[in-house]
Every structure is written in structure tokens, then in C-alpha cells.
Amino acid sequence: MSYAEAENILKGLESSLQVAQRNDEEDAVADLSERVTRIKSLLAEAKSGQTASSFSKVEMDFTNPSDEMIQEAKETTGLDLTNKRTQRMLSLLQQNAIKNRV
């Protein structure tokens, strides 16, 4: 998956957020807003190479997360590692970080 594809996933989340806002779905708005903010931050970090250090020791297999990875991601970031779109986005971020290693 390319960086552009990850951005398209973000656009899809932003569209879902707009629909939730129009429908006054407060819980969905709060959840989607938080996800959009986190993903924008992760994409910005990947683009600037700032995430390279976080992947410098171990490469994670986001497409096949362990139960421990799923639990930790949910508790620390609220991300759902069982979601295929999230898995693709995190794999892309990791690939970009690896490319930007010095």
C-alpha cells in the first residue's frame, strides 16, 4: 500500500466523521475524531521520518498481530489491530519509517 492509499483511508474516516456529525451521533463523532487526529499525527510523523526510531529495534507484523499487540494497541492508542485498514496503515507507516532510517 502506498502513502496515497493511507491518505485515502484517512479521507474515508473523515467522511464517516462528517456523516456522524450530520446525524448527531455523539459517540461516533468522538471516536472518529480521535482516530482521525491520531492517524493524521502518525502520517505526519512517517512523512517526516520521526517514527523511524520507534521501529528501529523490532519490525512489527501488523498484518498478523498477536493477542498482546491487539490488547496493548487498544489500551494505549485506541487503535483496533483487528481492523484490516488499520493494519495496512500501520504497515505503511512502518515501511516509511524504515525507508527514512539514517
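The values are calculated or read from the model by the stated rules, or taken from the named source; none is laboratory data. Please read all numbers here as calculations on a predicted model, not as lab measurements. No Cβ is skipped: glycine too gets one built from the backbone with ideal geometry, and neighbour counts run over all protein chains shown. Keep in mind that these areas ignore ligands, DNA and RNA; they rest on the heavy atoms of the full protein, side chains included. Shrake-Rupley method; radii C 1.70, N 1.55, O 1.52, S 1.80 Å.
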Q: Determine the pairs where a residue that is among the β-branched types (Val, Ile, Thr), located within the range 8-36, has a partner that is part of a helix (DSSP H, G or I) and open to solvent by 90 Å² or more (accessible area, probe 1.4 Å) with Cβ atoms under 8 Å apart, the partner being 6 or more residues away or on another chain.
A: ILE9/ARG85; ILE9/ARG88; VAL29/GLN21
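Where residues in the range 38-71 are among the charged types (D, E, K, R) and modelled with pLDDT of 85 or more, which of them is surrounded by the most Cβ atoms within 10 Å (Cβ to Cβ)? Break it down into steps so the answer makes sense when it comes.
Just the residues of the range 38-71 that are among the charged types (D, E, K, R), to begin with: 38, 40, 45, 47, 57, 59, 61, 67-68.
Next, only the ones that are modelled with pLDDT of 85 or more stay: 40, 61, 67-68.
On the way: LYS40: 14, ASP61: 12, ASP67: 8, GLU68: 8.
It comes out as LYS40.
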(Q) Consider the range 74-84. How many of its residues are buried (at least 16 other Cβ atoms within 10 Å of the Cβ) and within 13 Å of ILE39 (Cβ to Cβ)? (A) 1
